[in-house]
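Peer 1: Mind having a look at this structure? Questions to follow.
The values are calculated or read from the model by the stated rules, or taken from the named source; none is laboratory data. Treat the numbers as computed from the prediction; the structure is a model and nothing was measured. Cβ placement follows ideal geometry from the backbone for every residue including glycine, while neighbour counts extend to all protein chains displayed. The accessibility values were calculated without ligands, DNA or RNA, using every heavy atom of the protein model including side chains. Shrake-Rupley method; radii C 1.70, N 1.55, O 1.52, S 1.80 Å.
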Amino acid sequence: QVQLVESGGGLVQAGGSLRLSCAASGRTFSTYTMGWFRQAPGKEREFVAGISWSGATYYADSANGRFTISRDNAKNTVFLQMNILKPEDTANYSCAASTRTAAILKFADQYGYWGQGTQVTVSS
């Protein structure tokens, strides 16, 4: 069983930055593929960024160039650094973990474990 706890959300002005963290339980964190997803009110959940067990990273077009996903296996934590935030980035952000070994996982049903989420609000 994997438990995920996100933190770091909040209210920020457009153009600002936030760093989200996701702390995971489990002794095999280094083998998990980790992802960040977001869901805005009235919209479907969408993929934001992912990082494989080997450190390969991949991003949604909306995040590419502004967001950076990273992981610290010693601390069982994955991060999402978000820069140049826009009002359309406003959403509840959740991290997810998968025990699949595939390098790229962009779909929610490929992940078996989810955190509760942290709210990000970007004001214009």
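Peer 1: If you take the residues in the range 65-124 that are among the basic types (Lys, Arg) and assigned to a loop (DSSP other than H, G, I, E, B), which one is farthest from GLN3 (Cα to Cα)? Write out each step before concluding.
Peer 2: Going residue by residue through the range 65-124, those that are among the basic types (Lys, Arg) are 66, 71, 75, 86, 100, 106.
Now restrict to residues that are assigned to a loop (DSSP other than H, G, I, E, B): 66, 86, 100, 106.
Details: ARG66: 28, LYS86: 30, ARG100: 16, LYS106: 20 Å.
Ranking the candidates gives LYS86 first.
Peer 1: Another one. Provide a single number: the residues in the range 14-71 that are closer than 22 Å to ARG100 by Cβ and small (Gly, Ala, Ser).
Peer 2: Total meeting the criteria: 15.
Peer 1: Need pairs with beta-carbon distance below 7 Å; first residue under 29 Å from ALA74 (Cα atoms) and at pLDDT 95 or above and within the range 1-23, second open to solvent by 100 Å² or more (accessible area, probe 1.4 Å) and not hydrophobic (A, V, I, L, M, F, W, C); sequence gap 6+ or separate chains.
Peer 2: GLU6/GLN116; GLY8/ARG19
Peer 1: Do we have ALA49 as at negative phi, open to solvent by less than 40 Å² (accessible area, probe 1.4 Å), part of a loop (DSSP other than H, G, I, E, B) and at pLDDT 95 or above here? Can you show your working first?
Peer 2: Numbers: at negative phi: yes; open to solvent by less than 40 Å² (accessible area, probe 1.4 Å): yes; part of a loop (DSSP other than H, G, I, E, B): no; at pLDDT 95 or above: yes.
Against the criterion (at negative phi, open to solvent by less than 40 Å² (accessible area, probe 1.4 Å), part of a loop (DSSP other than H, G, I, E, B) and at pLDDT 95 or above), ALA49 does not qualify.
Peer 1: May I ask you to list the residues in the range 103-117 that are open to solvent by 80 Å² or more (accessible area, probe 1.4 Å) and closer than 17 Å to ILE69 by Cα?
Peer 2: The answer is ILE104, LYS106, PHE107.
Peer 1: Looking only at the range 27-46, filter to residues that are under 19 Å from LEU85 (Cβ atoms) and out of contact with any Phe, Trp or Tyr (no Cβ under 8 Å at 6 or more places or on another chain); which one of those is least open to solvent (accessible area, probe 1.4 Å)?
Peer 2: Filtering first and then ranking leaves ALA40.
Peer 1: I've got another one for you. Yes or no: the range 72-92 includes at least one residue that is β-branched (Val, Ile, Thr), in contact (Cβ under 8 Å) with a residue 60 or more places away in the chain and within 18 Å of ARG19 (Cα to Cα).
Peer 2: Yes: the range 72-92 contains one or more residues that are β-branched (Val, Ile, Thr), in contact (Cβ under 8 Å) with a residue 60 or more places away in the chain and within 18 Å of ARG19 (Cα to Cα).
Each row is one residue, and each column tells you yes or no for (1) open to solvent by 60 Å² or more (accessible area, probe 1.4 Å); (2) within 23 Å of GLN13 (Cα to Cα); (3) touching a Pro at 6+ places or on another chain (Cβ under 9 Å).
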| position | (1), (2), (3) |
| --- | --- |
| ALA63 | no, yes, no |
| ARG66 | no, yes, no |
| ALA74 | yes, no, no |
| LEU80 | no, yes, no |
| ILE84 | yes, yes, no |
| PRO87 | no, yes, no |
| ALA96 | no, no, no |
